[in-house]
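Structure first, commentary second.
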Amino acid sequence: MLTVADFYEHNRNILGLRILVAANFSATILQPRIQKSGLALTGYTEFVHEDRIQIFGQTEMGYLGSIGRAEATRKLESFLTFPFPAVLITHHPQPIEPWMLELFTRHGVALLQTVQTSSHVIATVTRYLEFELAEQTTLHGGMMDIFGVGMLITGESGIGKSECCLDLITSGHRLVADDVVLVKNISGELVAFSNNELEHHMEVRGLGIINIKDIFGAASVRRRKKVELIIELQSWERQNAAQLERLGDTRSFRHVLDIDIPVVCLPVTPGRNIAKILEVLARNTILQNMGYQTVETFMSKLHNRIQSKTADGSTGGA
């Protein structure tokens, strides 16, 4: 739950916020979008969203200042009948008239002010609200950044997820989270974070709990990363050898927070270096993102080779 008080505390330094009216700071902010009040101040309230933070920019403040105090009071009285969580005055360094402060106090609507431009404030606040109000869940596994590719390594308990992550860290890759991975749907992307209480820590069986940042340095960890692949480690005994992917041209997906994430199943056997396989997978993913499809290129070359040999055979037979 995000309150107006939370919003102010998190953004007061970034946006240079000042509290003009501290009314109803416990009000809950439910919407990740904000609204520039605009025509609503003139009385046209058809598309007013009362659950959004309202923005009074230069246009709104200029309008209220141009119509006289009596008319401005009447317009604001009507506008403030909506239970907005807060109103934010932007790009306005001048002091606010006492009568306006009294109106906001009487209606129990928080009023904040910043000298920063409306466009900058809207962009900053929207990003903040999308992050704070994003749908979220937790997943079990290890989240790694491998050559810039975000991989969530999953599998049954004891299969070696943490050991695989540790191998990758010693090779210079970065840990996001181990064991408990917090994921959020932010603007249609699945983004992983570490649990605040477990941040940068890892449990390795036989070794105990270690702090990755302290041992390997700040470059070995990061706070967040987009999830691009889910790696499912499976014991060889549970794998059907006939179903193992040989070409890499088919892929299953896992639905997480309304987002489909590709899943790669890797069988685990003694002596198989999973960390190295994941490094190769990351490199191949980068190639695919650049438009190079390894399997399609291979199949095309193979097809051309077969066609060429067939043609040569036909010519020789003639």
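Taking other C-beta atoms within 10 Å as the exposure proxy, H92, H255, H173 rank H255, H92, H173 from fewest upward. Please list, by residue number, every one of the GluC sites (Glu not before Pro) in the range 1-79 that is coil in DSSP and has at most 13 other beta-carbon atoms within 10 Å. Those that pass, being in a loop and sparsely packed, are E46, E50. Normalised by residue number, the volume inside the convex hull of the Cα atoms of the chain is 209 Å³ per residue.
Beta bridges from DSSP with both residues in the chain: antiparallel share about 65 percent, rounded to the nearest 5.
Ordered from longest to shortest, the equivalent ellipsoid semi-axes for the range 1-122 are 20, 16, 14 Å, each the square root of 5 times a Cα gyration tensor eigenvalue.
Using a Gaussian network model of the chain in which every pair of alpha carbons under 10 angstrom is joined by a spring, one finds that among Q31, Q307, Q288 the greatest mean-square fluctuation is at Q307. Loop sites by DSSP among the trypsin sites (Lys or Arg not before Pro) of the chain, restricted to those with at most 10 other Cβ atoms within 10 angstrom, leave 1-204 as the longest stretch without any of them. Once the Cα atoms are used to define both axes, helix 274-289 deviates from the longest principal axis of the chain by about 60 degrees.
To the nearest ten degrees, helix 294-317 and the longest principal axis of the Cα atoms of the chain are 40 degrees apart.
Across the chain, the mean sequence separation of Cα contacts (distance under 8 Å, 6 or more residues apart), normalised by length, yields a relative contact order of 13 percent.
Ordered by the number of other Cβ atoms lying within 10 Å of each residue's own Cβ, fewest first, I89, I153 fall into the sequence I89, I153. Shown here for the range 40-144: chymotrypsin sites (Phe, Trp or Tyr not before Pro) in loop regions (DSSP other than H, G, I, E, B) with at most 13 other Cβ atoms within 10 Å, namely Y44, F47. Considered as an equivalent ellipsoid built on the Cα gyration tensor, the range 136-296 has semi-axes of 24, 19, 16 Å, the largest given first.
When the pairs K161/K226; K225/K301; K226/K276; K36/K225; K161/K225 are compared against a 27 Å limit on Cα-Cα distance, K225/K301; K36/K225 fall above it. Calculate the length of the line joining the C-alpha centroid of the range 9-78 to that of the range 122-141, in whole Å. If we compute the Cα centre of each part, the gap is 24 Å. Among C164, C265, sorting on how many other beta-carbon atoms sit within 10 Å of each Cβ, with the fewest leading, yields C265, C164.
Quick note: the coordinates plus some simple rules give every number you see, no bench work behind them. In this text the structure is predicted, and so the values were computed from the model without any measurement. Note: ideal-geometry Cβ built from the backbone for every residue, glycine included; neighbour counts use all protein chains shown.
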